[in-house]
Amino acid sequence: MPRVRLEHLVKSYGRVRAVDDLCLEVEDREFFVLYGPSGAGKTTTLKLIAGAEHPDSGEVHIGDRRVDLLEPDARNVAMTFESYSLYPHYSVYDNIAFPLRAPGRRMSRAEIDERVRWAARLLGIEHVLGHKPAEISQGQKQRTALARAIVRPADVYLFDEPLSHVDAKVRHYMRGELHRMSTMLNNTIIYVTHDYVEALSLGDRVGVLDHGRLHQVGTPREVYYAPRDLFVALSFGQPEMNILEGTLTAAGGRLRVETALGTTHQLATGEPLPTAGTEVWVGLRPQDLQLGDLGAGTAFEAEVLVFEPLGTHGVLRARANGQVLNVLVPPNASFEPGSRVLLDYPEDALYLFDRESQLNILHPRITTPQGARDGGAKA
Amino acid sequence: MRKWLAHLVLIAIYLFFLLPLYWVVAMSFMTNQQILTYPPQFAFSPTLANYKALVLGQLGGGVGTLQVDYLHNFVNSLIVSCGAVGLSLVAGIPAAYALARFRFRGADNWAFTLLSFRFAPALLILIPLLQIYQSVGLYNTYWGLILAYQLITLPFIVWIVRGYFEDVSPELEFAARLDGYGWWRSFWHVSLPLVKPGVAAAALLAFIYAWNNFIFALVLGSSDVQPVTVATLSFMTASGIQYGVIAAALVISVVPILLLAVYAQRFLVRGLSMGAIKG
Amino acid sequence: MARRVATTNLQEGVAVAAAPPTPTAAARARWRPYLLVAPSIVLTIWVLYPFAQSVWYSLHHYVLSQPWSRPFVGLRNYQKIFTDPDFLHTVAVTLEYTLLAVAIELLLGMLLAFLLNRDSLLTKILRPLLILPLMVAPAIGSLIWKLETNPQFGFVNFFMSFIGQRYFPWGSSPRTALLTVVLVDVWIFTPFIALLLLAGLRSLPQQPFEAARLDGAGAWFTFRTLTLPMLMPYILIAVMFRILDSLQQFDIIYAMTQGGPGDTLMTFQLRAYLEAFTFLRLSESAALILVLWVITYAISYVMVRYWNRARAHLRGA
């Protein structure tokens, strides 16, 4: 059964609905990432699970217990905070030991010491155990916060943007550490971030949240290759997916889409599609656009605007038919602003979104062989 | 030239402020004879006779010995001041926390009412309170004074400690809750230690104002519980008491506070302005 | 109610769920603030009863020597007060005392603050000593000065002899009594203003002054247009504190002369004390005090409003 279940959670602050009828199930031992921009309601959701806030309506279940009526200390939840919230008057050792010294947990001094050192060793902070939080670096504070969370058994671990205040360089390293740690913990984790790289690399599943509502819940592959709507599609990828106007037309009993680039595609039959004459959004990922002609008759000319070489790749910004596009190109290419290039893309790289609902119209582009999980969220 | 003048003026002003204190201390070490000599001698050989007399409770005057119990008054001051501050801490710290953390009905109104006590004329409460105390049996008792002193000490605790609680992040308390501590325990282990300096400052100031209080003790107490402030006045007007002994009594009544003040300088500015100004 | 910290054994969780219903966390959180303030509220509420009593006294005719007869007289006591020439005298004395004391303290305090703001060996030694007179109980301070202005041997008189005033009457003469008590007030409370202003001076930002210096502004000009306006919050707070205190001054005057000689120093609270404890006229006393209270309440209301703004401004900005 799911380890964490949120049923129709609603939480408002004044007129703002931070969490809007949220329903979610997190499986046992799953590393679940809650992803979304600032203000999406991610931290509020964590707070509702942990007990810092009480929902206006809805229920929170952990295991088979209903916990939204319980005090935070009765929920058996561990959490790290974006600002770490280390106890400033305690040493690192005492910070980590604090949960183990709670009333009701009868552990001997030796047992506590063993657990604290285990956690410190796991996170590489044994050498600062005697220091106070004010005396250690940002990265060490973050690892102390993690150590404090994992040092005791809990039903679910909540991590609120643990890497957001960490240097970019260290962040890469810490992602690996988090992965390693989560495997060792072998427990349920809910991880909140606004960084899509973390979401895709760490999560077993990702929930995309915006304005308190879940747009999609799925594996990293699903949310990336089969985004449920425009918002999800734009959430992943740097630069963002290119979005163009397009129209559906009928020709010989089959539907065609005409893009603003001037290209046309025939859509496969057997798809439930809206009627001809509908306006749609067309999506093309920068990495799917290529230089040169692929020979399928969809190549088009574009004028070079800006080229940014970025080390591992380059970003070319070009305009075709009045549409500005970002294209990923090899980093050692060179382009003259104003010159013309030929661009093309494979037909199956095309995304179509309904103008009104912004839902992804085409069927999911991938099918996961082992128990395909639906790309849609319960809403 | 400017600097020299500034220093001169500064020293002159400080002489005005410090000489009277120095002189009363000096007088406490003088015999009656030495005091009465005019012009006053700045060099003299000190004697402990005055202090001995006060401590032992016997004054050898011109007309036989007088029983005096000044030490009892000193102890009274101690009991009442410590008691008042203690009670205010117990009642005031939770209230300060509540005001800092929660927005509840009547919060600001009540906080202002509490503060207004600090600025209201004491007799407004004291005279009717005296009637009540006399009928209830609280007149001339320690508890009577301790309860009355709350008007003085409680506002300090609530207002100053509240400011410090506002600086403590609520997230810290929540972290303690998640770590398995009930509300009260997380308050005790996390919130309270972090406002220790505020509590110290508030308690210090409240103690000073309680110790220095005069009118409350004058109205609501009599010889049994008189603190040093009131006792010294009657001491001074009583006949047959030597000036040196009076000086010694004055010194004893201020020494504890002066020592505290020197020790805890830095808390004082913030406390004096009731938290309006960061020292 | 045993609320154990649950472990990962979810079987225990089942037991907890089956336990009798306890008040929900949300409900408890709602009641918590009220519980926390309850003791303090109790301590403050019991003060309101005496306050109500005072009001009651002022509206009746209550003489302690005739406790059986306490007829209601409405506002007559207040009428009596306002038409009584002695009342005008009380107001005059109180105002004189307040104005004199606060003015001198402000000027002297400001001078001290500026002098102490420079860093030198002298100021480093003197700064910590500033607080000493302030720590002396006003009543004790009054007694110290009384002792040291003794016409026989007082060392203050010795200094006065340098200006030909060896036998300056201090508290015993109606002409000099006010000056005497104001002197004690100034001695005790000038450090209060000086300390506050010093804290203010030290917290002022440096840039405007540097800019003014670069622009060639003179000392007086800088003071008038920069220093003074920026110090205003501190000055106003300090002054309001002192005004409120001085209007109600009791300890200093009582210790020095008990209000005398005659009624030269009968400020509001002293007069009220006299009415209540010597003449046993509780109603007149109460009416007097209530008039004083209204005045101080109004001033403190204004001050707190202003000061909440100042507090936010000085803390955050």
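The values are calculated or read from the model by the stated rules, or taken from the named source; none is laboratory data. These numbers were taken from a predicted model, which means no experiment stands behind them. Neighbour counts run over all protein chains shown; Cβ positions are idealised from the backbone, glycine included. Quick note on the areas: whole protein, heavy atoms, side chains included, nothing else; ligands and nucleic acids left out. Shrake-Rupley method; radii C 1.70, N 1.55, O 1.52, S 1.80 Å.
In table form, for the structure just shown:
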read-out	value
Alpha-carbon centroid distance for the pair region B:1-44 / region A:283-345, whole angstrom	91
Antiparallel bridges, percent of DSSP beta bridges restricted to the protein assembly as shown (to nearest 5)	80
Entries in C:Lys124/C:Lys146; B:Lys52/C:Lys146; A:Lys11/A:Lys169; A:Lys141/B:Lys196 that, when Cα-Cα distance is taken, lie over 28 Å	C:Lys124/C:Lys146; A:Lys11/A:Lys169
q = 0.17, 0.19, 0.21, 0.25 Å⁻¹, region B:2-47: log10 I(q)/I(0) [Debye, one scatterer per Cα]	-0.59, -0.66, -0.72, -0.86
Of all accessible heavy-atom area on region B:2-47, the percent that carbon and sulfur account for (1.4 Å)	72
Members of region B:176-193 that become less accessible by 40 Å² or more once partner protein chains are added (1.4 angstrom probe, chain alone as reference)	B:Arg177, B:Leu178, B:Asp179, B:Gly180, B:Tyr181, B:Trp183, B:His189
Computed [θ] at 222 nm, helices only, for chain C once each DSSP H run of length n ≥ 4 contributes -39500 (n - 2.57)	-22500 deg cm²/dmol
Shape of region C:19-112, Cα gyration tensor, a/c cut at 1.5	oblate
Reduction of at least 30 Å² in accessible surface, 1.4 Å probe, comparing all protein chains with the chain by itself, residues of region B:200-228	B:Asn212, B:Phe214, B:Ile215, B:Leu218
Point-to-point label distance, A:Glu303-A:Ala168, nm (Cα→Cβ direction, 7 Å offset)	3.2
Solvent-accessible heavy-atom area per residue, rounded to whole Å², over the protein assembly as shown at 1.4 Å	43
Note, ³J(HN,Hα) from phi for region B:179-193, Karplus 6.51, -1.76, 1.60, rounded to Hz, x at Gly and Pro	6, x, 9, x, 4, 5, 5, 5, 4, 5, 8, 10, 5, 4, x
Cα gyration tensor shape of chain A, rounded if a/c is under 1.5, else prolate or oblate by comparing a/b with b/c	prolate
Cβ-Cβ FRET estimate between B:Thr47 and A:Ala260, R0 fixed at 60 Å, reported to 0.05	0.05
Interface B:C - total buried accessible surface [probe 1.4 Å, Å², rounded to 100]	8900
Spacing of the two label points (7 Å from each Cα toward its C-beta) at C:Leu64 and B:Ser116, in nm	2.7
Semi-axes of the equivalent ellipsoid for the protein assembly as shown, Cα gyration tensor, largest first, Å	75, 33, 28
Listing of region B:240-264 residues, each with accessible area lower by at least 20 Å² in the full protein assembly than in the chain alone (probe 1.4 Å)	B:Tyr243, B:Leu250, B:Val254, B:Leu258, B:Ala261, B:Val262
Contact order relative to length of chain A, as percent, for alpha carbon pairs under 8 angstrom and 6 or more apart	16
Per-residue [θ]222 nm for chain A (sum of -39500 (n - 2.57) over DSSP H runs n ≥ 4, rounded to 500)	-6000 deg cm²/dmol
From phi via Karplus (6.51, -1.76, 1.60), per-residue ³J(HN,Hα) for region A:65-77 in Hz, x at Gly/Pro	9, 8, 10, 5, 9, 8, 5, x, 6, 9, 8, 6, 10
Contact order relative to length of chain C, as percent, for alpha carbon pairs under 8 angstrom and 6 or more apart	25
Heavy-atom accessible surface of region A:203-354: percent carbon and sulfur, 1.4 Å	48
Cα centre as origin, Lys/Arg/Asp/Glu Cβ charges: chain A dipole, Debye	1300
Helical contribution to [θ] at 222 nm, DSSP H n ≥ 4, -39,500 (n - 2.57), averaged over chain B, rounded to 500	-23000 deg cm²/dmol
For A:Leu362, residues with placed amide H under 5 Å, excluding near neighbours	A:Leu352
Protein accessible area in region B:134-279, 1.4 Å probe - carbon and sulfur %	61
Region B:78-176: trypsin sites (Lys or Arg not before Pro) falling in loop per DSSP and having at most 16 other Cβ within 10 Å	B:Arg103, B:Arg105
Buried accessible area, chains C and A (both chains, 1.4 Å probe, Å² to nearest 100)	1400
Amide H partners (placed H, <5 Å) of A:Arg205, local residues excluded	A:Phe31, A:Val33
Chains B and A together, accessible area buried on both sides, 1.4 angstrom probe, square angstrom	1800
Overall form of chain C per C-alpha gyration tensor (a/c, 1.5; a/b vs b/c)	oblate
